[in-house]
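Okay, structure first, notes after.
The values are calculated or read from the model by the stated rules, or taken from the named source; none is laboratory data. Owing to the predicted nature of the structure, the values given are computational and were not obtained by experimental measurement. All Cβ positions, glycine included, derive from the backbone under ideal geometry; neighbour counts span all protein chains shown.
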Amino acid sequence: MTREFTGWHMLGIMVLGFGTIITVNLILAYNAVHSFPGLETRNSYVVSQSFEADRAAQDALNWTLETHLTHSELSLKITDADGAAVIPKITSATLGRATHVSQDVTPEFEVRDGVMVAKVDAGAGYWNLRIVLEAQDGTAFRRRIQLTAQ
C-alpha cells in the first residue's frame, strides 16, 4: 500500500529543508561575530593620514627581525643594517591567535645574548605576534608577525 503525496508532505519537506539552511546560517553568523577579535584601529582614516610617513620612518631604521616560537618559548632577535643587535623599548606585545582573543598573552621578554626571550605556553598552530617597539630616537616600530609553534 502506497500513501498519496500531498501538499502537507511538500510543506514539511520545504520547512525542514529551509529550516536547516536558516539554522546553520544563523549559527555560523553568531560564531563569526562572537569570535572576531576586534578592530585594528578605531578610525582608519585618521591613521591613514600618517601611514606613509610612519612606514618611511620604520624603514629608515633598517631593522631585521628574526622570530622563533616553540611551545614554551618565544625569541625575537632584532638587528640593524650592520648586523648589530638592537634592544629597543617594548611599548606593547601580544601573542595570540589570528581569529580570537581567548588565548592572547602578553609575553614578558628578558634579554639573553642580544636576543629577547619570553616564556610562553603556545599550542600547535598559527600565532600572531603583534608588537610595538620604540627606537632610541622615539620612532615607533610596529609589526604583526605570523608564527607557527614548533
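In the set (1) over 20 Å from residue 142 (Cα atoms); (2) modelled with pLDDT under 90; (3) basic (Lys, Arg), the condition left unmet by residue 112 is number (2). Candidates are the residues of the range 118-150 that are small (Gly, Ala, Ser) and not in a loop (DSSP other than H, G, I, E, B); the one that is farthest from residue 60 (Cα to Cα) is 118. When 94, 67 are checked against the criterion of being surrounded by 14 or more Cβ atoms within 10 Å (Cβ to Cβ), of a type in the set (S, T, N, Q), in the same structural domain as residue 140 (by TED's automatic domain parsing) and without any contact (Cβ under 8 Å) to a residue 60 or more places away in the chain, 94 stands alone in meeting it.
Considering the range 107-117, the residues that are in a strand (DSSP E or B) and among the hydrophobic types (A, V, I, L, M, F, W, C) include one that is surrounded by the fewest Cβ atoms within 10 Å (Cβ to Cβ), namely 111.
Screening residue 150 with (1) modelled with pLDDT under 90; (2) within 17 Å of the chain's Cα centre (by Cα) gives one miss only, at (2). Examine the range 39-51 for a residue that is closer than 28 Å to residue 141 by Cα, touching an Asp or Glu at 6+ places or on another chain (Cβ under 9 Å) and in contact (Cβ under 8 Å) with a residue 60 or more places away in the chain, and state whether such a residue exists. Scanning the range 39-51, I find no residue that is closer than 28 Å to residue 141 by Cα, touching an Asp or Glu at 6+ places or on another chain (Cβ under 9 Å) and in contact (Cβ under 8 Å) with a residue 60 or more places away in the chain, so the answer is no. With respect to the conditions (1) of a type in the set (A, V, I, L, M); (2) without any contact (Cβ under 8 Å) to a residue 60 or more places away in the chain; (3) in the same structural domain as residue 142 (by TED's automatic domain parsing), residue 101 lacks only one, and its number is (2). Screening the candidates 99, 79 for the property of being within 16 Å of residue 128 (Cβ to Cβ), surrounded by 12 or more Cβ atoms within 10 Å (Cβ to Cβ) and of a type in the set (S, T, N, Q) yields one hit, 99. Of all the criteria given as (1) out of contact with any Leu (no Cβ under 8 Å at 6 or more places or on another chain); (2) within 29 Å of residue 150 (Cα to Cα); (3) not small (Gly, Ala, Ser), the one not satisfied by residue 49 is (2). Any idea which residue in the range 52-90 is nearest to residue 136 (Cα to Cα), counting only those that are under 22 Å from the mean Cα position of the chain (by Cα) and aliphatic (A, V, I, L, M)? The selected residue is 90.
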